[in-house]
Number of protein chains: 2
Amino acid sequence: MLRFHSLRFSSSLFAPPLPLSPVSISITKPTRLTPRMASYSTSSSSSKLLFRQLFEKESSTYTYLLADASHPEKPALLIDPVDKTVDRDLSLIQQLGLKLVYAMNTHVHADHVTGTGLIKSKVPVVKSVISKASGATADLHVEQGDKVHFGDLFLEIRATPGHTAGCITYVTGDTPDQPQPRMAFAGDALLIRGCGRTDFQGGSSEQLYKSVHSQIFTLPKDTLLYPAHDYKGFTVSTVGEELQYNPRLTKDEETFKNIMANLSLSYSKMIDIAVPANMVCGIQSKTS
Amino acid sequence: MLRFHSLRFSSSLFAPPLPLSPVSISITKPTRLTPRMASYSTSSSSSKLLFRQLFEKESSTYTYLLADASHPEKPALLIDPVDKTVDRDLSLIQQLGLKLVYAMNTHVHADHVTGTGLIKSKVPVVKSVISKASGATADLHVEQGDKVHFGDLFLEIRATPGHTAGCITYVTGDTPDQPQPRMAFAGDALLIRGCGRTDFQGGSSEQLYKSVHSQIFTLPKDTLLYPAHDYKGFTVSTVGEELQYNPRLTKDEETFKNIMANLSLSYSKMIDIAVPANMVCGIQSKTS
């Protein structure tokens, strides 16, 4: 027991010290001397990375802002921006003094319109990024093993098809000068305790199973998993957690395929608008 | 330029290397040699703290899970749990192998029913925590300067009345063995680019102005600000950002009071259910 004068279930200053196990309920009053706890090493979480997770409520989509904050120009990128929240995102980027260089998508979304095209119309220097396998229009097409640099930081591309044929996962670098633990932006390939559907847009449950097991579950267990969506209010998971608790992807491949074949999901209400628009950076409706 | 063989706007492996400024658009292909960038110090973000931000969509409430993950018993606490998401939160806590010891509120909420009472009924060892000034029932009442310990980590209490008379902000410790940067869980006292209303529940715009300026804006600028709600999809801000960009609290006190007096907000639709329930840990409806 490292703490003196902690109080149990009482705010009285005159309660006698009680023997406490290390997790006992304790509140320390400021008028009492609190000796320093035994010291231990806690390294600083400071990093070059400025990171923000942003949420679009209607489609439950997460947009991610990453920047190299220690670089003189503070180059930044957005992953999976949504058309409806472009003004919010650009305003934040401006307030933080960042220079947006990339608007990237993990795949051609079926449930919302990407903000990429709108961002490019407002900030012409921004380049859109999507996988070559998606077949979608973009300034830059990436594929397995490519690296997207922003300042001294980078994301590597892992091909994770299965939800769509062109899905990719963006993963922070594995060198010591990159953020630790690593971060994986998996789009709809792997959701927190779930995964994206595989019944349209070139989806394949067999392919998704292989993608997640070979490209995501092989990352270090402490890798932070940031999905494109969450419908239950979770914001982040880890590879270790999903390896242990994902109700679909912890199963063997045949069971997984059976689960995915029997989800009985309704037709995506946005697909007929979103997919054609997202094939051209989300601006089809404005040009056609 | 530290990078060789980066490509500009092209995925062709045979494009000639172009001169790039450090923020130029560049994608590195895996088949090319990428020399190590000049090294710099990026310290690890490893910490004893396990942290999760959780969202309840209907009331746009954030619940925060904090635990000392390096302690043998992994003691954990929840800040501002919501009754509707108690099962989600307890399931996550169980999966992560944590021992929940506290269910804490920043104040008596008017827009949702706290999950505290429900949690206590399911996990009787859990102790509820709220401010003494709130007048609400709880196992532990805290006030300015108190510290709530969980394992080797702790939160200090700052009294930040104004939204309600009993509002408090929980702030991670300032000693080197505590998470860096510091984290402030401000409830409704300071929201991202906003603040809680001050027109009911003992609210006072004058008091709120003083609370934020004396108790939150005096924290280090890199302190991460985690609010009880966000309605625009932001998840976190910093004290420095709010000092610069909060549209209300950057104003002088008179202007702030005028803003708050003229918000013309509608009556809170949940207040008549939530406040009486939250005065008794959220379980009034089950016992009366």
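The values are calculated or read from the model by the stated rules, or taken from the named source; none is laboratory data. The model shown is predicted, which means the values in this text are computed figures rather than measured ones. Counting neighbours? That spans all protein chains shown, and the Cβs are built from the backbone with ideal geometry, glycine included.
Go through the stretch A:74-88 residue by residue and tally those that are more than 9 Å from chain B (Cβ to nearest Cβ) and either touching a residue at least 40 places away in the same chain (Cβ under 8 Å) or of a type in the set (Asp, Glu) (or both).
Residues flagged as more than 9 Å from chain B (Cβ to nearest Cβ) and either touching a residue at least 40 places away in the same chain (Cβ under 8 Å) or of a type in the set (Asp, Glu) (or both) within the stretch A:74-88 amount to 7.
I'd like to verify a number: residues in the stretch B:89-105 that are assigned to a loop (DSSP other than H, G, I, E, B) and more than 10 Å from every other protein chain (Cβ to nearest Cβ), how many?
Of the stretch B:89-105, the ones assigned to a loop (DSSP other than H, G, I, E, B) are B:96-98, B:105.
Okay, now just the ones that are also more than 10 Å from every other protein chain (Cβ to nearest Cβ), so B:97-98, B:105.
Matching residues across the stretch B:89-105 total 3.
Name the single residue, out of those in the stretch A:161-211 being of a type in the set (Val, Ile, Thr) and under 20 Å from A:TYR245 (Cβ atoms), that is farthest from the other protein chains (Cβ to nearest Cβ). Write out each step before concluding.
Quick first cut of the stretch A:161-211, residues of a type in the set (Val, Ile, Thr) only: A:164, A:168-169, A:171-172, A:175, A:192, A:198.
Right, trim to under 20 Å from A:TYR245 (Cβ atoms) and you get A:169, A:192.
Numbers: A:THR169: 15, A:ILE192: 10 Å.
The selected residue is A:THR169.
Just checking, does the stretch A:56-71 include any residue being buried (at least 23 other Cβ atoms within 10 Å of the Cβ), facing another protein chain (nearest Cβ under 9 Å) and without any contact (Cβ under 8 Å) to a residue 40 or more places away in the chain?
The answer is no; no qualifying residue exists.
For B:LYS147, all conditions in the list (1) at pLDDT 95 or above; (2) more than 27 Å from B:LYS48 (Cβ to Cβ); (3) out of contact with any His (no Cβ under 7 Å at 6 or more places or on another chain) hold save one; what is the number of the exception?
Every listed condition holds for B:LYS147 apart from (2).
Could you list all residues from the stretch B:242-251 that are in contact (Cβ under 8 Å) with a residue 24 or more places away in the chain and under 17 Å from B:SER214 (Cα atoms)?
Let us first name the residues in the stretch B:242-251 that are in contact (Cβ under 8 Å) with a residue 24 or more places away in the chain, namely B:242-243, B:245-249.
Once the filter is applied, which keeps residues that are in contact (Cβ under 8 Å) with a residue 24 or more places away in the chain and under 17 Å from B:SER214 (Cα atoms), the stretch B:242-251 yields B:GLU242, B:LEU243, B:ASN246, B:ARG248, B:LEU249.
Is it the case that some residue within the stretch B:57-79 is in contact with a Phe, Trp or Tyr (Cβ under 9 Å, 6 or more places away or on another chain), under 19 Å from B:ILE130 (Cβ atoms) and assigned to a loop (DSSP other than H, G, I, E, B)?
For the stretch B:57-79, residues in contact with a Phe, Trp or Tyr (Cβ under 9 Å, 6 or more places away or on another chain), under 19 Å from B:ILE130 (Cβ atoms) and assigned to a loop (DSSP other than H, G, I, E, B): absent.
Any idea how many residues of the stretch B:45-55 are aliphatic (A, V, I, L, M) and within 7 Å of chain A (Cβ to nearest Cβ)?
In the first step, residues of the stretch B:45-55 are kept if they are aliphatic (A, V, I, L, M); the result is B:49-50, B:54.
Retained after the next criterion (residues that are within 7 Å of chain A (Cβ to nearest Cβ)): B:54.
Count: 1.
In the stretch A:214-240, how many are over 14 Å from A:ILE168 (Cα atoms) and either buried (at least 18 other Cβ atoms within 10 Å of the Cβ) or in contact (Cβ under 8 Å) with a residue 24 or more places away in the chain (or both)? So that I can check it myself, show each step before the final result.
Taking the stretch A:214-240 as the starting set, the residues that turn out to be over 14 Å from A:ILE168 (Cα atoms) are A:217-224, A:229-240.
Imposing the further condition that a residue be either buried (at least 18 other Cβ atoms within 10 Å of the Cβ) or in contact (Cβ under 8 Å) with a residue 24 or more places away in the chain (or both) reduces the set to A:217, A:219-220, A:222-224, A:229-239.
The total comes to 17.
For the stretch B:42-100, name all the residues that are closer than 19 Å to B:ILE283 by Cβ and β-branched (Val, Ile, Thr).
Hits for the stretch B:42-100 are B:THR61, B:THR63, B:ILE79, B:VAL82, B:THR85, B:VAL86.
Can you find a residue that is small (Gly, Ala, Ser) and more than 14 Å from chain B (Cβ to nearest Cβ) anywhere in the stretch A:239-261? Break it down stepwise before answering.
Taking the stretch A:239-261 first, the residues small (Gly, Ala, Ser) are A:240, A:261.
Now restrict to residues that are more than 14 Å from chain B (Cβ to nearest Cβ): A:261.
Within the stretch A:239-261 (the criterion being small (Gly, Ala, Ser) and more than 14 Å from chain B (Cβ to nearest Cβ)), the answer is yes, since at least one residue qualifies.
Of the residues in the stretch A:241-262, how many are over 20 Å from A:ILE192 (Cβ atoms) and surrounded by 15 or more Cβ atoms within 10 Å (Cβ to Cβ)?
Number of matching residues: 1.
Would you be able to say whether some residue in the stretch A:122-130 is in a strand (DSSP E or B) and basic (Lys, Arg)?
Step one: list which residues in the stretch A:122-130 are in a strand (DSSP E or B), which gives A:127-130.
This time we only want the ones that are basic (Lys, Arg), so: A:127.
Yes, that holds for at least one residue.
Which ones in the stretch B:112-137 are in contact (Cβ under 8 Å) with a residue 40 or more places away in the chain and surrounded by fewer than 21 Cβ atoms within 10 Å (Cβ to Cβ)?
Across the stretch B:112-137, the qualifying residues are B:LYS120, B:SER121, B:GLY135, B:THR137.
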